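Computed from the coordinates by the stated procedures, all read-outs in this text should not be read as laboratory data. This one's a predicted model, so the numbers in the text were calculated from it and none came from an experiment. Positions of Cβ are generated from backbone atoms using ideal geometry, with glycine treated the same way; all protein chains shown enter the neighbour counts.
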Amino acid sequence: MAIEFSFLSTVYNNARTIRSTLESIVNAIHRSKIYSEIIVIDNYSFDGTFEILKTMSTYYEKDDYVKRFTVIRKRCSRGWGRQLALQSALGNYIIFFDGDSYYKADLLSCLLKLYYENFRGKVLLINNPGFYGIFPRDIALRIGFRDLNYAEDIDFLTRLLSTIHEHDIVSLPISLTVNEPVKGDRERRYEKGLSYVSRIIRNRIDRAISYGLAPHNGIIMFRRIYGLPLAKAILLTLINTGITFLYGVKIKPVINKKPNCVFVDEKYLERLIDPIRLGILRYPINPFIRDVKSHSTREIHYMSKNALMKAFKV
């Protein structure tokens, strides 16, 4: 009775959303009928998140398809928390998820079946924030997460795509997540006062590391990707550069490549799955950018904040 999928996450003060998030994942696991596990690292939440997690883990401890529901309390950054969960995982395939997103259970179950029946062993990437793919455990462990509190997922994906062979990547342009609406700065959910200022500084440093924001890369990102006026792009780049310099951070960008992948479109799906599941998958399929010859991996993942695989060349 092997565990196939490991759903992993790091949470901090997600009491408002974590129950709905996990219930949507459990619902998808039940629909797919594929043995899975859930591992959540709680960074000492103080809003009741940990208590909700413990209650849910007890409730599902004898579940037919959720074979393990592990909750670990540990002081950690987002990246280090994901790494701890990854090291604890027993599943053959790894899925990282966010604790403030809701997943469409019918679509997610369809995706699990599609991967398990057709793409096992490959990296499956999807056009989705909060849930960006399925990874064989050996590949995920080889890449690993660094001790970053911000953009740790971008850092992971960019390092992965800079090393993995293009034929081991499958791209599915699909969106299955609804993110929690947040007014204002999302980071204010976590800290206040000086702790908030410290967190913002840490995030800027981690962002520079994750995106490889040497000065010229910073201007490229803020100008080309975010579409900011040149003066503002230069100002933000100077702020990032100043903070990383003051804290002694050396930026070492990942080697850039132009990855290709097997592009899964509707015609390809028709040959793989039955009409009912195809109908479920069809409605969220989004168009891709068709030509990115001028984009490097790093630039692709500047864009991936909103649409992970839109920049892949078809």
Relative exposure of 56, 1, 221, judged by other C-beta atoms within 10 Å (fewest first): 1, 56, 221
Number of Lys pairs (Cα under 20 Å; 8 or more positions apart or on different chains) in the stretch 5-179: 10
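Looking at the square roots a ≥ b ≥ c of the eigenvalues of the Cα gyration tensor of the stretch 5-179, which shape do they give, rounded for a/c under 1.5, prolate if a/b is larger than b/c, or oblate?
Details: a/c = 1.63, a/b = 1.20, b/c = 1.36.
Judged from the Cα gyration tensor, the stretch 5-179 comes out oblate (a/c at least 1.5, b/c at or above a/b).
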Looking at the stretch 18-86, which trypsin sites (Lys or Arg not before Pro) are DSSP coil and have at most 16 other C-beta atoms within 10 Å of their C-beta? 33, 62, 74, 75
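Tell me, 195, 162 in order of fewest to most beta-carbon neighbours within 10 Å? Walk me through the numbers before you get to the answer.
Working: 195 10, 162 17.
Neighbour counts put them in this order, fewest first: 195, 162.
What's the exposure ranking of 167, 30, going from fewest to most Cβ atoms within 10 Å? Don't skip to the answer; put the middle values down first.
Values: 167 10, 30 16.
If I rank by nearby Cβ atoms, fewest first, I get 167, 30.
Taking the Cα centre of the stretch 5-179 as origin, sum charge times position over the Cβ atoms of Lys and Arg (+1) and Asp and Glu (-1), and report the length of that vector in debye to the nearest 20.
Numbers: 21 positive and 19 negative charges, 54 e Å.
Dipole about the Cα centre, nearest 20: 260 debye.
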Gain on full stretching of the segment that runs from residue 117 to residue 137 - 0.36 nm per residue minus C-alpha separation: 5.5 nm
Can you work out ³J(HN,Hα) from phi for every residue in the stretch 213-218, in order, using Karplus 6.51 cos²θ - 1.76 cosθ + 1.60 and θ = phi - 60°, giving whole Hz and x for Gly and Pro? 7, 5, x, 5, 5, x
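Residue 87 to residue 72: extension gain in nm, 0.36 nm per residue of separation minus the Cα-Cα distance? Could you put the intermediate results ahead of the total?
Values: separation 15, 0.36 × 15 = 5.40 nm, distance 1.23 nm.
Fully extending the segment from residue 87 to residue 72 adds 4.2 nm.
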